[in-house]
Protein chains: 2
Amino acid sequence: MAPHPLQILSLEETQRARDIVLALHPGTAIDFREIFLQEPTKADLKNFLDLEHSGYLSPTSARPPRLAKCMYDVIGPDRVPQYQESVVDVERGQRVAHEVIGKEFQATLTLSEFSTLVEVCKASKLFQDALAELELPEGFEIVIEPWPYGGLDPEDENRRYFQGLIFAQDTRSGNPDSNFYAFPLPLIPIMDAHKQEIIRVDRLATGGKGDGLSEKTNARKVLEHCRTADYVPEMLPNGTRKDLKPLNVVQPDGPSFKVTDESLVEWQKWRFRVSFNPREGAVIHDVHYDGRSVMHRLSISEMTVPYADPRNPFQRKQAFDFGDGGAGNCANNLSLGCDCLGVIKYFDAVIVGSDGKPDVHPNVICLHEQDDGIGWKHTNWRTGRAVVTRRRELVVQFIITLANYEYIFAYKFDQSGGIDIEARATGIVSVVNIDPGKTSDYGNVVNPGVLAQNHQHIFCARIDPAIDGHSNTVVQEESLPVPMNPKTNPRGNLYEIRQTPIKTSSFADAAPQNNRLFRIVNSARKNGVSGKPVSYKFVPPPTQLLLADPESVQSKRAQFAHHHVWVTKHKDNELYAGGRFTLQSTKEVGGVADAVARNENVENDDVVVWSVFGLTHNPRVEDWPVMPVEILQVNLRPSDFFEENPSIDVPSNKNVTSVEVQKDTCCKRDGKL
Amino acid sequence: MAPHPLQILSLEETQRARDIVLALHPGTAIDFREIFLQEPTKADLKNFLDLEHSGYLSPTSARPPRLAKCMYDVIGPDRVPQYQESVVDVERGQRVAHEVIGKEFQATLTLSEFSTLVEVCKASKLFQDALAELELPEGFEIVIEPWPYGGLDPEDENRRYFQGLIFAQDTRSGNPDSNFYAFPLPLIPIMDAHKQEIIRVDRLATGGKGDGLSEKTNARKVLEHCRTADYVPEMLPNGTRKDLKPLNVVQPDGPSFKVTDESLVEWQKWRFRVSFNPREGAVIHDVHYDGRSVMHRLSISEMTVPYADPRNPFQRKQAFDFGDGGAGNCANNLSLGCDCLGVIKYFDAVIVGSDGKPDVHPNVICLHEQDDGIGWKHTNWRTGRAVVTRRRELVVQFIITLANYEYIFAYKFDQSGGIDIEARATGIVSVVNIDPGKTSDYGNVVNPGVLAQNHQHIFCARIDPAIDGHSNTVVQEESLPVPMNPKTNPRGNLYEIRQTPIKTSSFADAAPQNNRLFRIVNSARKNGVSGKPVSYKFVPPPTQLLLADPESVQSKRAQFAHHHVWVTKHKDNELYAGGRFTLQSTKEVGGVADAVARNENVENDDVVVWSVFGLTHNPRVEDWPVMPVEILQVNLRPSDFFEENPSIDVPSNKNVTSVEVQKDTCCKRDGKL
């Protein structure tokens, strides 16, 4: 049986792609970055999926070719790598596309480049001399935390750089997980990745309010006022709390979902496919409910995390966690009983090393059901009959770790046709050293000597809808007051619903004061009850957009973060809101702003909707040492898509294992209550 | 042992209060409305609680008197009731306050008045004549749905009215829970409650787009195009879905919470009391975390549901679900295994009949723990060590049914010091008859012949904080862009946090574009790490405010619904955002707008914060016949209140009952993945 066109490349297919690339570059050293499925063109995929859903798919049906996107450096005789991308047909054994990427773009980083930075720092006299300016307490050792270089400063040459944030770890406990972030050192070494050498060590300002932007204290004993802040349970001074009793999710008859054909998930009238790639992590495809098409593709497209400390070089603390390093590359191996409860299905990924050899990266996605309280309820007060259903959700989750920080992403499907795209932010906030006793306008002191800098997290979810087919229109809808008037609003209680279809590719912003929402409609299909076009709607989360000055590099390279909603016409391979190459970018190229600028028709067309939302994160002391999750969601909801509540047939059975705390465990005062 | 001052009145105390009132009105008929605990004055309560928390409370300590608030009608010789309120000391057996309420105010309705309406309608020739104008299908019977009259129209006399929404039930199934809302009749009878007679029957317009505001079709066969829409499982045409497998929450060692002294809840460093009253439902008191005071009192204060259909008399469809009928009065008796899962503690209420005799209203509040996904996580990518904790919540929940509609309210406490106030809207949307084939600008056709009118739900939570004590200040905080400039923002990445303390009682609105939040600070207590005043913060949900014209009755009687945040100085008994008397009100009197108008100091004072949030609900077909929950939350979060993440000591134990779906249940293509 041939693999489904959306199934990720197998180990064998990946290996074959590697071999094809190597054969095309004989006698040359090749450093691989990524090999992963190049999804079929939408036209090809649509044909295949239509056939699949019609039930007429057979082993002899035409299938899109199995393509591998291969990203690699060709190492020249001068050892200078040239970045290239090839698409190879793994069945036919041939290359179908080849691109030599210009020097103006930087390839996505790989974790092996991070390892290089650590090695190069250790070997660098420049860095060791800078370190020698500082006096570390007894038993402390240096930890180098590799970071992308951020957006190039105007004075930077366009070379490939990496920077290291430097911390010290108290090794006296012998615990390799003692929290080194509590001991930040005011140094940032910069590596030229091609030369593999440290070209500069930036000395960081450690002042506070009233100190200038460039003041360095130059104190030798920069850690003297810092203090341990551990989070691993065995290092907590008072251990863990003892009064939390187990709460188990038990599914005696197994899960209600079914996973077949490796990637096909079926649950409660939903049917969709799950894939995974190094950049976007988990991706959801070809979503149907009860046989009707809802979404073609859902993904987290990009995110940016700009820091607001104006002191050089912190303007370059701005991560694009999907574009720079790849969310898929940074995905956690999830653990049974830790990352979710109940009956869990895990999905694996295939990754390649720099030699291109594939390996399994296990458990990068988990799939499970969860209970989310009451789904719907009505009590007929005349008869006392209550009908109450639970809100069961199916969760597709993946978690990424980027140095200090974690994001938990989930696609949640409910029983009433709703889909939530969720991001939880957790992990350790990014910190720098601050002088004893000082406070700062640029962040919050979360531990002595530790300044957590103010920053934003701005996410972009890419929603490629297929509301009863691919020809859709996005309609902006508002509820607006109507002035009292004798003719239409004599008592003043009327309000008006105003709809404005978006006809050419454009952006829009949240306006909760107007109850602004966006409706993705199929204007050719009318709801049999209401007579209105079938649709899914969403309210853009009205979170704060990017704050950086429009002329700043931070701002120019993250155009997507300037508006809440972007509506574009679908174009193959246009998946990345911040553009294909974000690493060291100074402006967004080929991102969603450029897609909008094509000024294309998006009425009754193959539209893509990009939803931007985020979090202005001015750290609290409570975010330290590991922050409690902050939760953000985009909620897609059917609206006149179905002809009744699709969860009306959810059973209202009593859960038989629930237990009441006996009334007599509480002392009743008068024996009657 | 004397009852705690916040403990609800026992059966005995209630009975005693009744007897005291009856003895004070000898020879007079008394119709009781409510008897419930009159909470102590804040001064008295504060003294008691300080003593309690100091550990020096003894059986001989002074206690606030046990007071009962008694609401009743004194029936005069002409049978015209006069509404009075008394506060009686149940221990001393004496009245401490007495108020004869003026005729300009209407007492909260009681459910027995609803029964009266049904009886009066049945006996009314006026109503029966109106009904006779309509021809009902064979086997259909009239159902009268009592409603408050809404805000008086300018031409109305101020008398006590009730209105009935009229439906027909198909009785042929013999099922008393067949959904009569699918068969709305275009009649509204109006009862004069004192005369106990139907004084008028309003004929409702049933037109659609293009029809005038007052057009009545006068068709006899108004139900001919209507269609069954059942929700009770035994009446669903295709039954319930079969593929949902059980998901059990099992707590083998019991709950982690403890309930003692009837109302005291202790869980995971939290300690608070729960009470219940006929108007507000469940109320949370005296909230401490780890021995530190956080909140004095949390309640849902009011909500209003104005309908936007401009056709007379729909301007009078505007419920105040707390003020008109009492959320506590309408609370559901919760059922094991239906309204929540796991180990559940229920609390009872005491209610009185019109004779004042008390009875137990069981299980009006449930208390249970639930799992809400990951609480915090960090993976040290160097060592591979992941520490991940679950987010356990403690939920205090109550559910109210108001005719067709349900609200699920919950106070949720988490392990990191957060409190969420949650409202879920569900139940059956309010509907009226619409002619065959028509659609309307005033709502959506959700079933043939059934128009669900556009409306809003606007809630107000009352937050009486006590952040390390009662002297608090509310500070508005925004994150604002700073133009690029060489001196303070050379690279353009800086943004500024601007704080504005609220000094005199006032209102404010959400401004998510500025990341506007409100911080409740104790300026006398500084965080030992950050040096900033300890605080809790919340972001007002930026939901749409009341849309009705400011000069409309709907708008004037719900001033609270015009702003997201109100900050007032605490005043005893000032609990109700929409005022003490909302039934038939034409303007808000004694509500939060009047409290603000006192222009009092609220800096370092005993402040109260009122958070207004809501839902503009333009019904979807999917909301029919019972709507999936819409979920709203206000999130209170510690911000520099603690000196680290208070959940850092939550154990990261692996859950031992979680189960992995075996990999081989999924067909692996090449046997390697």
Quiz item: Within segment B:332-368, can you find the residues that are within 24 Å of A:SER652 (Cβ to Cβ) and among the basic types (Lys, Arg)?
Solution: B:LYS345
Quiz item: How many residues are of a type in the set (A, V, I, L, M, F, W, C), in a strand (DSSP E or B) and under 26 Å from B:ASP211 (Cβ atoms) when one looks only at segment A:492-533?
Solution: 2
Quiz item: Can you name every residue in segment A:256-280 that is assigned to a strand (DSSP E or B) and touching a helix residue (DSSP H, G or I) at 6+ places or on another chain (Cβ under 8 Å)?
Solution: A:VAL259
Self-check item: Failed item, numbered, when A:GLY578 is tested on (1) under 19 Å from the mean Cα position of the chain (by Cα); (2) within 14 Å of chain B (Cβ to nearest Cβ)
Solution: (2)
Practice problem: Run A:LEU236 past the list (1) surrounded by fewer than 16 Cβ atoms within 10 Å (Cβ to Cβ); (2) in contact with a Ser or Thr (Cβ under 9 Å, 6 or more places away or on another chain) and report the number of the one that doesn't hold. | Solution: (2)
Quiz prompt | Selection within segment B:155-204 - surrounded by 23 or more Cβ atoms within 10 Å (Cβ to Cβ) and modelled with pLDDT under 95 | solution = none
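Per-residue answers, yes or no, for (1) in contact (Cβ under 8 Å) with a residue 40 or more places away in the chain; (2) outside any loop (DSSP other than H, G, I, E, B):
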residue: B:ASP177; (1), (2): yes, no
residue: B:TYR181; (1), (2): yes, yes
residue: B:ILE188; (1), (2): yes, yes
residue: B:LYS195; (1), (2): no, no
residue: B:ARG200; (1), (2): yes, yes
residue: B:THR206; (1), (2): yes, no
residue: B:GLY210; (1), (2): no, no
residue: B:SER214; (1), (2): yes, no
Quiz item: With respect to the numbered conditions (1) at the interface with chain A (Cβ under 8 Å from one of its Cβ atoms); (2) in a strand (DSSP E or B); (3) of a type in the set (Ser, Thr, Tyr), which one is the sole condition not fulfilled by B:TYR411?
Solution: (1)
Practice problem: Tally the residues that are within 24 Å of the chain's Cα centre (by Cα), closer than 30 Å to A:ALA219 by Cβ and hydrophobic (A, V, I, L, M, F, W, C), restricting the search to segment A:432-487. | Solution: 1
Self-check item: Restricting segment A:588-614 to residues that are of a type in the set (S, T, N, Q) and in a loop (DSSP other than H, G, I, E, B), the residue that is surrounded by the most Cβ atoms within 10 Å (Cβ to Cβ)
Solution: A:ASN604
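Any residue in segment B:337-358 that is free of Cβ contacts under 8 Å to residues at least 12 places away in the same chain and within 9 Å of another protein chain (Cβ to nearest Cβ)?
Here is the first cut: in segment B:337-358, the ones free of Cβ contacts under 8 Å to residues at least 12 places away in the same chain are B:337-338.
So of that shortlist, the ones also within 9 Å of another protein chain (Cβ to nearest Cβ) come out as B:337-338.
Yes, because at least one residue in segment B:337-358 is free of Cβ contacts under 8 Å to residues at least 12 places away in the same chain and within 9 Å of another protein chain (Cβ to nearest Cβ).
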Quiz item: Across segment A:364-392, which residue is nearest to B:ASP177 (Cα to Cα) among those that are crowded, with 22+ Cβ neighbours inside 10 Å and more than 7 Å from every other protein chain (Cβ to nearest Cβ)?
Solution: A:THR389
Practice problem: Return only the number of the condition from (1) under 28 Å from B:LEU546 (Cα atoms); (2) surrounded by 19 or more Cβ atoms within 10 Å (Cβ to Cβ); (3) touching a residue at least 60 places away in the same chain (Cβ under 8 Å) that A:ASN527 does not satisfy. | Solution: (1)
Quiz item: Mind checking whether some residue in segment B:216-224 is acidic (Asp, Glu), part of a loop (DSSP other than H, G, I, E, B) and either facing another protein chain (nearest Cβ under 9 Å) or touching a Lys or Arg at 6+ places or on another chain (Cβ under 6 Å) (or both)?
Solution: no
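Pull up segment A:249-271, narrow it to residues that are touching a Phe, Trp or Tyr at 6+ places or on another chain (Cβ under 9 Å) and without any contact (Cβ under 8 Å) to a residue 24 or more places away in the chain, then point me to the one that is surrounded by the most Cβ atoms within 10 Å (Cβ to Cβ).
For segment A:249-271, the residue satisfying everything is A:ARG271.
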Quiz item: Does B:VAL650 meet the test of being within 30 Å of B:ILE374 (Cα to Cα), assigned to a loop (DSSP other than H, G, I, E, B) and free of Cβ contacts under 8 Å to residues at least 60 places away in the same chain?
Solution: no
Quiz prompt | Any strands (runs of 3 or more DSSP E) falling wholly within segment A:424-491 and containing at least 1 residues that are facing another protein chain (nearest Cβ under 7 Å) and within 20 Å of A:LEU402 (Cβ to Cβ) | solution = A:443-447
Exercise. Look through segment B:548-575, keep the residues that are among the aliphatic types (A, V, I, L, M) and under 20 Å from the mean Cα position of the chain (by Cα), and return whichever of them is farthest from the other protein chains (Cβ to nearest Cβ).
Key: B:LEU575
Quiz item: Condition test on A:ALA308, is it facing another protein chain (nearest Cβ under 9 Å), of a type in the set (Gly, Ala, Ser) and at negative phi?
Solution: yes
Exercise. Output the number of the condition that A:SER293 fails; it satisfies all remaining conditions of (1) touching a strand residue (DSSP E or B) at 6+ places or on another chain (Cβ under 7 Å); (2) farther than 30 Å from A:ARG557 by Cβ; (3) assigned to a strand (DSSP E or B).
Key: (1)
Quiz item: Can you spot a residue in segment B:239-248 that is under 28 Å from B:VAL650 (Cα atoms) and surrounded by 14 or more Cβ atoms within 10 Å (Cβ to Cβ)?
Solution: yes
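Each row is one residue, and each column tells you yes or no for (1) at pLDDT 95 or above; (2) crowded, with 19+ Cβ neighbours inside 10 Å; (3) among the small types (Gly, Ala, Ser).
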position	(1), (2), (3)
B:LEU24	yes, no, no
B:PHE32	yes, yes, no
B:ASN47	yes, no, no
B:THR60	no, no, no
B:ASP78	no, no, no
Quiz item: without any contact (Cβ under 8 Å) to a residue 24 or more places away in the chain and in the same structural domain as A:ASP441 (by TED's automatic domain parsing), is that true of A:ASP549?
Solution: yes
Quiz prompt | Residues that are crowded, with 22+ Cβ neighbours inside 10 Å and free of Cβ contacts under 8 Å to residues at least 40 places away in the same chain, drawn from segment A:556-587 | solution = A:GLN559
Quiz item: Hey, among the residues in segment B:118-128 that are of a type outside the set (Gly, Ala, Ser) and in contact (Cβ under 8 Å) with a residue 40 or more places away in the chain, which one's surrounded by the fewest Cβ atoms within 10 Å (Cβ to Cβ)?
Solution: B:LEU126
Quiz item: Residues in segment A:125-140: is at least one in a strand (DSSP E or B) and either within 12 Å of chain B (Cβ to nearest Cβ) or out of contact with any His (no Cβ under 9 Å at 6 or more places or on another chain) (or both)?
Solution: yes
Quiz item: Got at least one residue in segment B:236-250 being closer than 30 Å to B:PHE642 by Cβ, assigned to a strand (DSSP E or B), among the polar types (S, T, N, Q) and not assigned by TED's automatic domain parsing to the domain that holds B:ASP44?
Solution: no
Practice problem: Please list, ordered by first then second residue, the pairs with beta carbon atoms under 6 Å, 6 or more apart or interchain, first in segment A:6-17 and closer than 12 Å to A:ASP89 by Cβ and not assigned by TED's automatic domain parsing to the domain that holds A:GLU39, second basic (Lys, Arg) and buried (at least 21 other Cβ atoms within 10 Å of the Cβ). | Solution: none
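The values are calculated or read from the model by the stated rules, or taken from the named source; none is laboratory data. If you're wondering where the values come from, they're calculated on a predicted model, not measured in any experiment. Glycine gets a Cβ as well: all are built from the backbone with ideal geometry, and neighbour counts include every protein chain shown.
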